[in-house]
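Please treat every number below as a calculation from the coordinates, not as lab data. All figures in this text were calculated on a predicted structure; none of them were measured in a lab. Backbone-built Cβ (ideal geometry, glycine too); neighbour counts: all protein chains shown.
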Ligand SMILES: [Ca+2]
Ligand SMILES: [Ca+2]
Ligand SMILES: [Mg+2]
Ligand SMILES: [Mg+2]
Ligand code: NI
């Protein structure tokens, strides 16, 4: 039986009644930010639903969580409250439930056309961590930078490698990216120079939004890790490869990444993704006990990146990848992160790292797709790219295909503006 | 002429009328957090001073900044407001000004004995960055990890290397540190194991607190950088060397650092430090134009670290260093950080990196002091240390010596608790 809403949802819409992703929006410029869920081409205002007393189950009935301007308070409540909210919203939006369907005044107050609202970052992100969980990406980067012998560092198969990213420059989909300037080392023994990056790249990633988090000094058990993850967004970890290559030894990426990281506005919950769970790749060597899962799972989320140069009517698809290619799972990433006692807070963002698949057509960044600029990529209309050019728009999309419906993420976009003079 | 307060300030006190460092405190457990400045053995409550209408100069007279529970709003106001506040507070506390001196009721409401109050983190820290600005530290670490040929990476002399740190685990002085557990690689080809760190270390650092910050996409000019820095604190960047050594390639330090970073409670302003400014070391090769300062300066801040094992009445001094040994200056660090357009926000923390001096007695961490455990260090009472042991307390202090007064930071302390079972 397919769930059906009284709101008309096209079968190709990412925002089916089975999805119900969470975001933050303003109905109009002068109005307050509030929490909503996407349904078809509409946004349901949860502050209006809560204000009408329709969250009347035990965990949420006295909660202030839907009267906030970010999801953080709701994230902190944890899975039982998330399930209760999902059940309530799914019921209220279903075709055979009259409460909202037949109340014109409440519909008017709570349903907004998505193309009329302003979307905002869904959560206040205290810390942002980026993992490195695709084996194909690790192997390709290692081969490009260090050669084909032992391209993957020896520690990589033992732990989910990660670095701390910059939280201040996390941006909502649609925000323009100014080409960064920085130092890089041209050739041989010439001195470094400072100027606009010549190797600006995207990275196709997804990112987990942390729910309740953990106390400092209290590592999370692998069997409980999934309950600390609220959901996922699409992420573009913009990267300046020339700046990165020159700066990253010995302390890792810094200015090569910190000029901007874009996420999609709608957080798709793990509940909505559960029907698309699939086995994660076999891990060999077997991980240490603290990282060993009873059952290791990924999600079958089809991912696609388009580049749309200025003047082109349509973007050119440059890669098709899938979340299921990740080697380290979300619970393993989270458990490793807390294994030293490090505390996660509600709203923290855990990027997966670039998601590259096994084929030439499933690589997650231009560094890999053009082999560091050596094999330029052909787009439509005769355009060719080694790295991103000014005015290029990068459009990431992600979607799970259900039986007659989709559970999708919408898009995560950004356009490159020229560097400062 | 020496400034004198009507409050008795011992000449050895770090908190003279020339200092006036800012912090956040609660007078009692049940009371609201508020902003204060330290004066001798007292804390002056700036919400009481503001409430009495005594910030009556143009920039602060209508401001809400002293009615907050963190310094962030005051930090955002910038140097002219900071100077105005300093002048007002210095005048109100001076011996020949009757306003506060002769008002018993206001004194009662605004002055609290420092040993009666609870100190809190002075600012909400959005992002924490740790630099690597001591050449002696870079050289020693490089020699220990990579050998004596070219110990300093080739990029080090061209840019102030840094990495993003973990903001969630920044702790106030006095907070206990649980020995972290993690993966490390024992010897040869044996597999990694998971357990308590065997190489727990401190790092003697200082950190800048960012004032107004900059917009995303707007790099800061080197001539204007100093005006974006409010002041400095002491910092202990606790480090698990075994975890760090195994994880840090290729993305830098992560769990080896993120279990805790301790800062001192009082932010000493650049105004208070100005009398102790001194020339920074000559930089060769000459930095690129965007990093070239008209005048490169450091501050003469004497730094000391003691280790106090459990049962010892007194700590043993293990190093004496100085802020003036830093190669890259604070403005250079800040300008480099924003050179790609990265935005800094009020309250961001910029650690200097471990401050090691040129001598055996001025090294800023046990990794260097014991040469990675090869040359154990003798403490008082026959105690010996390769790395930190459980129950050890580490006490960092820092102070500038004026003519008959001190401008000091107090201490930054933390005690090691045993690892979880
Ligand atoms: Ca990445
Ligand atoms: Ca450090
Ligand atoms: Mg980024
Ligand atoms: Mg630390
Ligand atoms: Ni951060």
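What is the angle, in °, between the Cα long axis of helix A:79-93 and the longest principal axis of the Cα atoms in chain A? Nearest 10 is fine, range 0 to 90.
60
Summarise the partner chain shielding of A:155-165 as one whole number: the mean count of Cβ atoms from other chains within 10 Å of each residue's Cβ. Provide the component values of the computation, followed by the final result.
Working: counts 9, 2, 1, 7, 9, 2, 7, 6, 9, 15, 2.
Across the residues of A:155-165, the mean count of other-chain Cβ atoms within 10 Å is 6.
Which residue fluctuates the most in chain B, going by a Gaussian network model with Cα springs under 10 Å, if the choices are B:386, B:83, B:313?
Highest fluctuation among the options: B:313.
Using a 10 Å cut-off on Cβ to Cβ distances, tally the other chain neighbours for every residue of B:280-289 and report the average as a whole number.
Details: counts 0, 0, 0, 0, 0, 2, 1, 0, 5, 1.
Mean shielding by partner chains, rounded to a whole number: 1.
Pairs of Cα atoms under 8 Å, at least six residues apart: use those to get the relative contact order of chain A, whole percent. Intermediate results must be reported in sequence, preceding the final value.
Numbers: 1007 pairs, mean separation 90.6, N = 421.
Result for chain A is 22 percent.
For residue A:359 and residue A:96 in the same chain, what is the full-extension length gain: residue separation times 0.36 nm, less their Cα-Cα distance, in nm?
Numbers: separation 263, 0.36 × 263 = 94.68 nm, distance 4.57 nm.
Extra length from residue A:359 to residue A:96 when fully extended: 90.1 nm.
Considering Cα pairs under 8 angstrom that are at least six residues apart, work out the relative contact order of the range B:22-120 and quote it in whole percent. Show your work: numbers first, answer last.
Numbers: 135 pairs, mean separation 38.3, N = 99.
Normalised by residue count, the contact order of the range B:22-120 is 39 percent.
With just the Cα atoms defining each centre, how far is the range A:199-232 from the range B:41-120? Give it in Å.
42
Fewest first, what order do A:228, B:59, A:255 take by the number of other Cβ atoms within 10 Å? All intermediate terms of the calculation are to be shown ahead of the outcome.
Details: A:228 24, B:59 16, A:255 27.
Least to most surrounded, the residues fall as B:59, A:228, A:255.
Of the DSSP beta bridges with both residues in the range A:128-417, give the percent that are antiparallel, rounding to the nearest 5. Write out the running numbers ahead of the final one.
Numbers: 49 of 57 bridges.
Approximately 85 percent, going by the DSSP bridge assignments.
Using Cα springs under 10 Å in a Gaussian network model of chain B, which residue among B:324, B:294, B:224 shows the largest mean-square fluctuation?
So, out of B:324, B:294, B:224, the one fluctuating most is B:294.
Counting only other chains, and only Cβ atoms inside 10 Å, what mean value do you get across the residues of A:343-352?
Values: counts 6, 2, 2, 0, 0, 2, 0, 0, 0, 0.
Mean number of neighbouring Cβ atoms from other chains: 1.
Label-point separation (nm) for residue B:41 and residue B:294, each offset 7 Å from Cα along Cα-to-Cβ?
Modelled inter-label distance: 4.5 nm.
Take the alpha-carbon centre of the range B:1-36, take the same for the range A:123-148, and report the distance between them in whole Å.
47
Let me know the shape class of the range A:119-235, please: from the alpha-carbon gyration tensor, a ≥ b ≥ c as square roots of the eigenvalues, rounded when a/c is under 1.5, otherwise prolate if a/b is greater than b/c, or oblate.
Details: a/c = 2.36, a/b = 1.35, b/c = 1.75.
In terms of gyration-tensor shape, oblate.
What 222 nm value per residue comes from the helices of chain A, counting each DSSP H run with n ≥ 4 as -39,500 (n - 2.57) and dividing by all residues, nearest 500 deg cm²/dmol? Don't skip to the answer; put the middle values down first.
Details: 10 runs with 74 residues, N = 421.
Value at 222 nm, helices only, nearest 500: -4500 deg cm²/dmol.
At what distance in angstrom do the alpha carbon centres of the range B:333-385 and the range B:153-196 lie from each other?
12
Please build a GNM for chain A, connecting alpha carbons under 10 Å apart, and tell me which residue among A:145, A:409, A:230 fluctuates the most.
A:145
Between A and B, which A residue has the Cβ nearest their rotation axis, distance in Å?
Minimum Cβ distance to the axis, with residue: A:252, 1.
Using only Cα atoms, find the angle between the long axis of helix B:135-146 and the longest principal axis of chain B, and express it within 0 to 90 degrees, rounded to the nearest 10.
30
Calculate the FRET efficiency for residue A:115 and residue A:83 from the Cβ-Cβ distance with a Förster distance of 25 Å, rounded to the nearest 0.05. Kindly include the intermediate steps, with their values, before the conclusion.
On the way: r = 30 Å, r/R0 = 1.21.
Using R0 = 25 Å, I get an efficiency of 0.25.
Taking a ≥ b ≥ c as the square roots of the eigenvalues of the Cα gyration tensor of the range A:4-135, is the shape rounded (a/c under 1.5), prolate (a/b larger than b/c) or oblate? Walk me through the numbers on the way to the answer.
Details: a/c = 1.42, a/b = 1.32, b/c = 1.08.
Because its axes are fairly even, with a/c under 1.5, the range A:4-135 counts as rounded.
Please compute the contact order of the range B:188-244 in relative form: average sequence separation of alpha-carbon pairs under 8 Å and at least six residues apart, divided by the residue count, as a percent. Could you put the intermediate results ahead of the total?
Values: 65 pairs, mean separation 29.8, N = 57.
Worked out over the range B:188-244, it gives 52 percent.
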